[in-house]
Amino acid sequence: MSDEKRGWLSRLKAGLSRSSSRLSEGIGGIITRRRLDDESLAQLEELLIAADMGLDLAAEVVGNLRRTRFNQEVSSDEVKRAVAAEVTRLLEPVAKPLRIDPSKRPHVVLVVGVNGSGKTTTIGKLAKLYRDEGRSVVLAAGDTFRAAAVEQLKIWGERAGCPVITRPQGADSAGLAYDALVEAQKLGAEILLIDTAGRLHNKADLMAELAKILRVLRKVDASAPHSVLLVLDATTGQNAHAQAETFRDLVGVTGLVMTKLDGTAKGGVVVSLAEKYGIPVHAIGVGEGAADLRPFDAESFALGLVGLEA
């Protein structure tokens with residue numbers, strides 16, 4: 001294993017420590033060198049549901065243990081491995097990297113999510129990752145209502161060494177998206193990352209704004225946007241479900257990025273989102289630095305979630 005991968009796995013494990021300690025301590029409290037009986041299985045199911053894992057996964061884990069180990073002595077480590085194996089099985093189909101289509105120049109990535117979810121920071125980190133791979137990237141500061149979002153994106157653009165298309169505060173965000181795509185085409189850029197506003201409290205306005213952005217992008221390139229990324233803040237727990245549903249209906253989300261997994265004991269929400277929606281999870285974030293956002297790996301995440309080493 002490379003030092004870089006080992007470093008990421010240790011950051012991932014540390015980032016998931018709030019979620020894993022809750023699960024680990026809970027499993028340890030239930031499985032204290034006793035036989036796996038109905039009571040301990042019921043407690044385990046409740047623990048998994050409380051950790052935002054979803055009803056189906058909890059039932060699946062408990063059902064497997066009932067079939068294979070009922071009335072036998074088990075260690076807490078065996079139970080953790082059983083949970084991790086089920087989580088891995090469930091997440092593997094959705095653990096897909098964001099594929100940039102080289103035939104699209106630029107490949108347009110529309111980034112959506114509620115304010116505060118970490119959209120702008122995620123765009124900056126993605127830009128840095130792509131620039132480090134040698135790709136040419138243009139950023140569009142489409143959240144024109146929040147001056148702080150525009151300034152933040154400019155700083156990330158400077159760090160990553162890529163142009164940022166901006167307009168005055170309050171300008172039409174669809175017009176900015178149109179100009180950014182035209183500019184990115186002129187520059188021959190490989191990737192265009194477009195930030196958007198996320199004022200969910202007025203869904204009608206947001207819907208109209210996002211629909212307009214889609215319309216104007218398609219005037220320039222009928223196939224744009226090529227990816228629609230929804231950024232979700234893991235600390236919101238089950239509220240992430242409502243956001244996933246809303247944005248999926250508004251703009252046809254093609255992939256998820258989960259942020260702030262280091263700030264919550266609700267890391268299991270990734271599992272229940274995968275179970276319910278089946279939307280690809282492209283990347284997860286466990287910290288503030290650019291290196292703390294990485295492509296999503298099902299097994300590493302599952303082991304980190306229950307506090308086990310890879």
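Where both bridge residues fall in the chain, DSSP classifies roughly 15% of the beta bridges as antiparallel. Helix 55-69 versus the longest principal axis of the chain: what is the Cα-based angle in degrees, 0 to 90, to the nearest 10? Tilt relative to the chain: about 30 degrees.
I need to check one value: relative contact order of the chain, counting alpha carbon pairs closer than 8 Å and at least 6 residues apart, in percent. With pairs under 8 Å counted, the relative contact order is 28 percent.
For K212, which aspartates and glutamates qualify as cross-link partners when the Cα separation must be under 12 Å and same-chain residues fewer than eight apart are set aside? The reachable aspartates and glutamates, counting only those whose Cα sits under 12 Å from K212, are D172. For the residue pairs K80/K125; K96/K125; K119/K186; K13/K260; K125/K219; K154/K186, alpha carbon separations beyond 24 Å are given by K80/K125; K119/K186; K125/K219. Under the convention that each Lys and Arg Cβ holds +1 and each Asp and Glu Cβ holds -1, the size of the dipole of the chain around its Cα centre is about 600 debye. If you fit an axis through the alpha-carbon atoms of helix 38-50 and take the longest principal axis of the Cα set of the chain, what angle between them do you get, 0 to 90°, nearest 10? Rounded to the nearest ten degrees, it is 10. Once backbone amide H atoms are built at 1.01 Å from N, V108 has L192, H226, S227 as its partners under 5 Å, excluding neighbours fewer than 5 places away on the same chain. Rounded to the nearest 20, the size of the Cβ-charge dipole of region 60-176 about its Cα centre is 220 debye, with Lys and Arg at +1 and Asp and Glu at -1. Remark on A95: its backbone amide H falls under 5 Å from those of V281, a criterion applied only to residues 5 or more positions apart or on other chains, H modelled at 1.01 Å from N. Note on the chain: helix-only mean residue ellipticity at 222 nm, from DSSP H runs of 4+ residues weighted -39500 (n - 2.57) and normalised by residue number, equals -16500 deg cm²/dmol. When the Cα positions of S40, S24, T121 are compared along the charge dipole of region 1-121, T121 comes out farthest toward the positive end, with charges on each C-beta of Lys, Arg, Asp and Glu.
The tail of the calculated P(r) for region 104-224 beyond 20 Å holds 35 percent of all Cα-Cα pairs.
Helix 76-91 and the longest principal axis of the Cα set of the chain meet at an angle near 30°.
We did not get these values from a lab; they are worked out from the coordinates using the rules stated. From a predicted model like this one, the values you see are computed outputs, not experimental measurements. Cβ coordinates were reconstructed from backbone atoms using ideal geometry, including for glycine residues, and neighbour counts include every protein chain displayed.
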